[in-house]
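The values are calculated or read from the model by the stated rules, or taken from the named source; none is laboratory data. Predicted model, so just to flag it, every value in this text is computed and none were measured. What goes into the accessible areas is simple: the full protein's heavy atoms, side chains included, and nothing from ligands, DNA or RNA. Shrake-Rupley method; radii C 1.70, N 1.55, O 1.52, S 1.80 Å.
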Amino acid sequence: MHRAIATVAVFKLLIFLVTFFTTTNLDPILLVNFILMSISAIIVRSVQEGEVALVLIALILLIDAIGLFLSFITLSFTIILAYVFLLIWDIQILLLLRQMI
């Protein structure tokens, strides 16, 4: 489970970098999202409890939802698309974790 979350963190870093280089705008919420996902992978590895992962992923989903809401203010299509993708990704991870628990 922690490998899956760590893999997601790497993909979120790539999304952050692509978004940063295409918009030349540093999005702090995407950066916090990546860092929190990386920390979550470490926490889940050490704790070995699925419920902790569920809570952490739900928190990250909330951060993505806030980022999507705030990205409508900037009206940048790339950032909005990245957040929509991340929201769908986090929902799928939550569904997978619920099946694992």
The ³J(HN,Hα) series, computed from each phi in segment 19-33 with the Karplus coefficients 6.51, -1.76 and 1.60 at θ = phi - 60°, rounded to the nearest Hz and given as x for glycine or proline, is 5, 5, 6, 7, 9, 6, 9, 6, 9, x, 5, 5, 5, 4, 4
Taking each pair of different alpha-carbon atoms in segment 10-52 once, compute 1/r for the pair, average those values, and report the inverse of that mean as the Kirkwood hydrodynamic radius in Å to one decimal.
11.3
Rounded to two decimals, the Debye log10 I(q)/I(0) of the chain (Cα scatterers, no solvent) at q = 0.10, 0.14, 0.17, 0.21 Å⁻¹ is -0.25, -0.49, -0.70, -1.00
Heavy-atom accessible area per residue - segment 1-99, 1.4 Å, Å²
59
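For 75, 94, 31, what's the largest-to-smallest order of accessible area, 1.4 Å probe? Each step should come with its number before you reach the end.
Values: 75 135, 94 35, 31 60 Å².
Ranked from most to least accessible, the order is 75, 31, 94.
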